[in-house]
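Remarks on the structure that follows.
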Amino acid sequence: MKTNVSKRYSESFNERTAGGTSVTTERRAAAEKVPKFTANPFALGVSSGEPLPDGVVLWTRLAPEPLGPQGGMSPEDVTVKWEVARDSSFREIVKQGEKVAKREYAHSVHVEVEGLEPDSIYYYRFHAGYETSQIGRTKTLPLPSAKMDHLAFAFVSCQHFEEGYYTAYRRLAEESLDFVLHLGDAIYEYGPGTAAKNVRLHKGAETLTLEDYRTRHAQYLYDADYQRARALFPWIVTWDDHDVENNYAGFIPEKNQSPDRFILRRASAYQAYFEHMPLRQSSIPRGAEMSMYRRVTYGDLAEFNILDHAAIPRRPGQ
């Protein structure tokens with residue numbers, strides 16, 4: 001009897017131990033799948049844009065080393081979790097989900113949130129691995145039929161990094177705005193030291209390749225004042241010439257470039273622009289083409305037609 005009891009106890013112990021080992025192995029395997037970062041992967045901040053009465057686009061880009069190759073990211077795609085709440089403490093979460101940050105888009109994330117209330121303020125954040133982003137604030141538009149008697153918005157443009165600090169964005173962040181319009185020149189393509197008076201310098205030479213444009217956008221977004229303004233309001237953006245090259249028009253470059261080489265450059269600039277702006281999937285570039293025109297209606301008070309001056313589907317000679 002003692003032998004049988006001992007045998008049964010031994011078998012039971014082995015089963016429990018094996019089970020425990022299995023659980024431990026599963027946990028270890030799960031932990032190994034959690035992405036690890038060399039630094040804060042949300043170093044470029046968060047942003048929202050393209051507001052509608054029932055939704056908004058949420059944006060971030062994973063880049064623990066924003067000015068390094070590939071932003072300091074490994075080649076793997078990363079699953080990013082997102083949350084939208086009515087309060088900044090996230091006690092009342094109204095929407096949440098997951099989005100894959102893909103390597104082919106510089107690990108940027110564009111979440112199109114739907115089902116929100118019109119003319120309402122919301123807070124949002126992202127999670128990647130064991131890291132959590134800073135909290136952003138956004139606002140939906142009123143219904144087109146809503147009777148509105150006021151609108152507060154700001155418009156910005158031409159933010160040449162070398163020519164001045166972004167204290168204007170610091171002041172903008174102190175305002176109570178419904179949205180921000182960015183009218184273009186989110187970056188300047190020049191190499192370092194080309195401005196008449198330089199208070200700081202661009203990293204790298206003039207932007208020509210996709211990696212060049214990504215680094216330039218990252219350098220601009222790394223500015224704390226710009227980040228703060230991007231996080232507090234929904235942004236409605238369009239571009240201007242310097243987002244690709246000074247004075248370009250369609251497929252015609254400024255100077256000293258072959259048309260074919262410029263088309264490749266424009267494609268790189270458009271992709272990097274999409275990767276760093278809170279735009280909808282409908283604006284994903286297709287080579288050197290990218291659709292940006294759309295209409296924004298603010299109740300019965302105002303209507304904004306966002307132009308698409310650069311997307312001319314013709315090549316030289318056509």
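Let me confirm something: among THR209, THR194, which residue is in contact with a helix residue (DSSP H, G or I) (Cβ under 9 Å, 6 or more places away or on another chain) and over 22 Å from TYR298 (Cα atoms)?
Exactly one residue qualifies, and that residue is THR209.
Starting from region 251-264, take each residue that is assigned to a loop (DSSP other than H, G, I, E, B) and list its partners that are surrounded by 15 or more Cβ atoms within 10 Å (Cβ to Cβ) and among the hydroxyl-bearing types (Ser, Thr, Tyr), counting only C-beta distances under 8 angstrom and pairs at least six apart or across chains.
Every condition considered, the pairs that remain are GLU254/TYR248.
One line per residue, one yes/no per condition, for (1) surrounded by fewer than 18 Cβ atoms within 10 Å (Cβ to Cβ); (2) not aromatic (Phe, Trp, Tyr):
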residue	(1), (2)
GLY184	no, yes
ASN198	yes, yes
LEU201	yes, yes
TRP239	no, no
ASP243	no, yes
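Quick one: is ALA106 farther than 19 Å from THR140 by Cα, at pLDDT 95 or above and buried (at least 16 other Cβ atoms within 10 Å of the Cβ)?
yes
Can you run down the residue pairs with Cβ atoms below 7 Å, 6 or more apart or on separate chains, where the first is in region 160-173 and touching a residue at least 12 places away in the same chain (Cβ under 8 Å) and over 20 Å from GLU206 (Cα atoms) and the partner is open to solvent by less than 20 Å² (accessible area, probe 1.4 Å) and aromatic (Phe, Trp, Tyr)?
TYR166/TYR226; TYR169/TYR226
When both residues are 6+ apart or on different chains and their Cβ atoms are under 6 Å apart, which pairs have a first residue that lies in region 181-192 and is in contact (Cβ under 8 Å) with a residue 24 or more places away in the chain, and a second that is open to solvent by 10 Å² or more (accessible area, probe 1.4 Å) and assigned to a strand (DSSP E or B)?
Listed by first residue and then by second, the contacts come to LEU181/PHE155; HIS182/VAL156; LEU183/PHE155.
Among what's in region 125-144 and is hydrophobic (A, V, I, L, M, F, W, C) and in a loop (DSSP other than H, G, I, E, B), pick the residue that is farthest from PRO41 (Cα to Cα).
The residue in question is LEU143.
Here's a check for you: in region 255-290, which residue that is more than 19 Å from PRO51 (Cα to Cα) and among the basic types (Lys, Arg) is farthest from the chain's Cα centre (by Cα)?
LYS255
Among the residues of region 189-233, which ones are closer than 30 Å to VAL84 by Cα and of a type in the set (A, V, I, L, M)?
ALA218, LEU221, ALA224, ALA229, ALA231, LEU232
Given (1) in contact with a Pro (Cβ under 7 Å, 6 or more places away or on another chain); (2) open to solvent by less than 10 Å² (accessible area, probe 1.4 Å); (3) farther than 30 Å from LYS147 by Cβ; (4) not hydrophobic (A, V, I, L, M, F, W, C), identify the lone condition not met by HIS276.
Unmet for HIS276, out of (1) in contact with a Pro (Cβ under 7 Å, 6 or more places away or on another chain); (2) open to solvent by less than 10 Å² (accessible area, probe 1.4 Å); (3) farther than 30 Å from LYS147 by Cβ; (4) not hydrophobic (A, V, I, L, M, F, W, C): (1).
Take the residues in region 78-101 that are open to solvent by 90 Å² or more (accessible area, probe 1.4 Å) and in contact (Cβ under 8 Å) with a residue 24 or more places away in the chain; name whichever of them is nearest to GLN219 (Cα to Cα).
Taking the candidates together, the pick is LYS81.
Of the residues that sit in region 85-109 and are closer than 18 Å to PRO53 by Cα and not hydrophobic (A, V, I, L, M, F, W, C), which one is farthest from the chain's Cα centre (by Cα)?
The qualifying residue farthest from the chain's Cα centre (by Cα) is ARG86.
How many residues does region 216-243 contain that are among the hydroxyl-bearing types (Ser, Thr, Tyr), part of a helix (DSSP H, G or I) and touching a His at 6+ places or on another chain (Cβ under 8 Å)?
Qualifying residue count, region 216-243: 0.
The values are calculated or read from the model by the stated rules, or taken from the named source; none is laboratory data. Model, not experiment: these values are computed from the prediction. All Cβ positions, even for glycine, are placed from backbone atoms using ideal geometry, and neighbour counts span all protein chains on display. For the accessible areas, the whole protein counts, side chains as well, though only heavy atoms, and no ligand, DNA or RNA atoms are used. Shrake-Rupley method; radii C 1.70, N 1.55, O 1.52, S 1.80 Å.
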